[in-house]
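All of the numbers you see were taken from the coordinates with simple rules; none came from a lab. Predicted model only: the values in this text are computed from it and were never measured. Every residue, glycine among them, receives a Cβ derived from its backbone with ideal geometry; neighbour counts consider all protein chains shown.
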Amino acid sequence: MEKQAVAESSAAHAAVHRHERRVGTYVGAAMLTAGLASGAAIAALEMSDSNHAVTQEVPYVPEAQHAVNSIDGGLADFGAIAFPLALTTIGAVKVTARFNSKAKWLDQSSSKEPHADGSNKGLGRRALQATLTSRLPAVPIAAAMFGAMTAGIATEVAEGPSRPIYALDQAIPGKTMIVPYADLMPMAQGSLPSEASNKIVKAAAAHNVTARPFDLNLGVMKADGKEPATDLVLGMDLPKTSPAHWNPESDCRTIPVIIDAAAHVKTGSQIELSGFSAVVAGQTENTSAINRVGIIMDRPAVQHCLDRQELGKGTDHAVILDTDPATAHTILQEAHVAGTPAEVISKQQYIDNSKEFWVKNVKPITSVLELIAGGVAVVALVGSITARMERNRRELASRMARGFGVNLLRSAEVLRTAKEGVMASALGGAAAIPATMLVNATEMGFRAGVGVHELLVGAGVAMASVIGSLLPLSKLRKRIDPTRVTR
Amino acid sequence: MKRIEQTPTVIAEARNLSVSTPDGEPILRNVSISVKRGDRLLVVGPSGAGKTTLLNALIGNVQPEQVTSGSVELFGQPLYGPPTPRRHLRMLSRTPDGVLSAKDRDRMLRNHVGIYLQRPDLNDSWTVHQNLEEAAQVSDRRFGEGLDALEVARRLGIDHILEHETGQKSGGQKQRIALGALLVPKPELLVLDEPTSALSESDRHQALGALVDVCDTYGMTAIMISHDDEANGFATHTLTMRNGMVLESPQTQAS
């Protein structure tokens, strides 16, 4: 009887083993086939040089863009509240710890987690453990750095293209502009006929107002030993004393120009501008935008050489007047340029048009990157805090069983995350400065920086991620049941 | 702070207590014990006898649904089952089932009970001194109501490692640190599940001697599980268990 039972049991075991082996063989064969097929498919795609992407055009939703673009503002506001609040809380607990034993326990517990796995001799081992045990909150630091850096890039993307306008503002003072249409900006072509510009200049003179037409030209600059670079030529009437004053008799063979120092082209160098030969007659600063070398050229040279227009009959981008909009309206009416589209706007509106263009153009992407930085950090930190709870499962359960109270244990974790957030905000913000400089080195004329706003965005990302990481604590007693874990 | 205003004579009591595993397998069967103030009860028996479950039930560390019948009271407060009419203490807050709320149970445990659950469970990255003071720090009792950590460390032979990092210490040293941490808050009741399992013979002798000394000096009550013969010298009473049942009611030890 017993022998029969043993035989039946052995037969059952053998059947199970046979089944497992059969399933393993089928799964292996399927994976082998799939591996060979996918390798062949990838090779075929590489050879055909085709790049099929799954994409779908979806309607543009302005509200969505507005919401996304307000992310960095929201993060900065949050950082501005959360960072000092966290710092104050930590300080208050540390001060209270001098005379309150529970505060002392909270301070100690939130600095070092209970679990430790022996001595750590090597630097790498110590660094790894410091990261694992949150003494060095690597994920929040990276999140803060990425947040601050992305905010710096976003600021530069929105503000950087306006740098030539500020340079223009210094070269041609005046708060009012007459433009062909109100939405004009440097990235849009303006074509106010020079005849109309000249009439405006004369009408303005009657009001004792200085009106200065200017032109813009987007082209490509080539200098010896350098990569070709896109440029933005500001054409303005230069006095005869200016090194870049153009003599029409010299034609367009060697146009004198003043070039932005960001291009690193020496004075006296020969360059090529949109196919024309030019000579660097002087240097200027702060006229380059992102990937656009700022170049100042005499206005007639721009119109005649670059725009290939007959002298005196070209078009201008706009006219700047050193007067108020009401007087500018009067001047426009008196200039008798009927039939020519022309409007009066403030120079600030011109700047705002440019900002709005660039904000709409690139900022949604950088804002989404900030959101992703925060989101990834939250997910990573939820994993990190869950892992920490798992590492300290027994220690936490034991303390719960001893009556420490879930709220007290939660408070220690909250204080620990506040400490991590503060450290991450400071270290991440500091790390963002050299990281942003590296980004600047990748694009000519790019000048992203880290200021108070960027630091606050970094702090906002770090604090939001550490607060988000507290989610697992809401179910502490369910996650760590002392009645089971302490057995 | 809600204080236990009048400590009862009976510190811990289980009546007709039956506890099962979550799968319904019986662990304790109709167990009744009563631990009076000043008692030092030693619980002995083979592995799987239900000793640890009994200890856990006495401090409320068992899921209520696992308690199939009977009741448990600690300091006169009901932790499981229907409360008895006998009351020595002012009522603390209760759940709808009539047992002590988790919040008040936690407060009672951290202020009046020192618990050791088979492992030291210390903060390895803290110093020995910090660990000795941990339980006293979280208790709601006033500063100075506990014992001097240095004095406790001296009694347990760990005073020379007070500023060492705990994680670097041996298993036996950690066990003595954990025992010291229980004594520093000067609890009224010690609940000890194999507190000397990692100690050498001489260290065990010293640790048990210190426990007896402190319990006698401060009138502490203790319930201890141990497989060490030497622990008999610690106890005033012994309870023998097997298969979830009490084989012998507490026997008074010959002094």
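Here are the numbers for this structure:
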read-out	value
Number of partner chain Cβ atoms within 10 Å, mean per residue of A:406-412	1
Local electrostatic count, A:HIS336, Cβ distance below 14 Å [Lys/Arg +1, Asp/Glu -1]	0
Added length on full extension, which subtracts the Cα-Cα distance from 0.36 nm per residue, A:HIS52 to A:LEU470	146.3 nm
When segment A:262-313 is reduced to its Cα atoms, the Kirkwood hydrodynamic radius in Å	12.2 Å
Dimensionless Rg/Rh of segment B:10-248 - Kirkwood Rh, Rg from C-alpha atoms	0.96
Of A:LYS102/B:LYS174; A:LYS102/B:LYS51; B:LYS51/B:LYS169; A:LYS419/A:LYS478; A:LYS202/A:LYS240, those spanning more than 31 Å from alpha-carbon to alpha-carbon	A:LYS102/B:LYS51
Antiparallel content of DSSP bridges confined to segment B:10-248, in %, to 5	55 percent
For segment A:181-341, share of DSSP beta bridges that run antiparallel, in % to the nearest 5	65 percent
Under 5 Å, built H, 5+ apart or other chain: amide partners of B:ARG242	B:LEU247
The protein assembly as shown: radius of gyration over Cα atoms, expressed as a fraction of 2.2 N^0.38 Å	1.48
A:LYS360-A:ARG487 FRET efficiency (beta carbon distance; Förster radius 45 Å; 0.05 resolution)	0.15
Cα-projected label distance for B:GLU25 with A:ALA338, points at 7 Å along beta-carbon direction, nm	10.4 nm
In order through segment A:213-220: 3J(HN,Hα) via Karplus (6.51 cos²θ - 1.76 cosθ + 1.60), integer Hz, x for Gly, Pro	x, 8, 10, 10, 9, 9, x, 10
Gyration tensor over alpha-carbon atoms, segment A:181-341, equivalent ellipsoid semi-axes in Å	30, 16, 14
Two-site label geometry, A:LYS478 and B:LYS103: point separation in nm, points 7 Å out along Cα→Cβ	2.1 nm
Cα centroid separation - segment A:364-393 against segment A:174-223, whole Å	51 Å
Shape call, segment A:274-371: gyration tensor on alpha carbons, a/c limit 1.5	oblate
Length-normalised contact order of chain A in % [C-alpha pairs under 8 Å, at least 6 apart]	27 percent
C-alpha long axis of helix A:123-132 to longest principal axis of chain A, angle in °	90 degrees
Phi-based couplings in Hz for segment A:69-82 (Karplus 6.51, -1.76, 1.60; Gly and Pro marked x)	5, 8, 4, 5, x, x, 5, 5, 4, 5, x, 5, 8, 5
Per-peptide average of other Cβ atoms within 10 Å, ordering B:145-157, A:19-31, B:40-52 highest first	B:40-52, B:145-157, A:19-31
All-pairs Cα distance distribution in segment A:134-251, expressed in whole percent, bin size 5 Å	2, 8, 11, 16, 16, 13, 9, 7, 5, 4, 3, 2, 2, 1, 0
Helix B:128-138 vs. chain B, principal-axis angle (Cα, 0 to 90°, nearest 10)	40 degrees
Antiparallel bridges, percent of DSSP beta bridges restricted to the protein assembly as shown (to nearest 5)	65 percent
Cα→Cβ-extended label distance, 7 Å offset, between A:SER269 and A:GLN65, nm	3.7 nm
12 Å beta-carbon shell around A:VAL233, net charge (K/R +1, D/E -1)	-3
Integer Hz, Karplus 6.51/-1.76/1.60 couplings in order for segment B:25-32, x for Gly and Pro	7, x, 10, 10, 10, 6, 8, 10
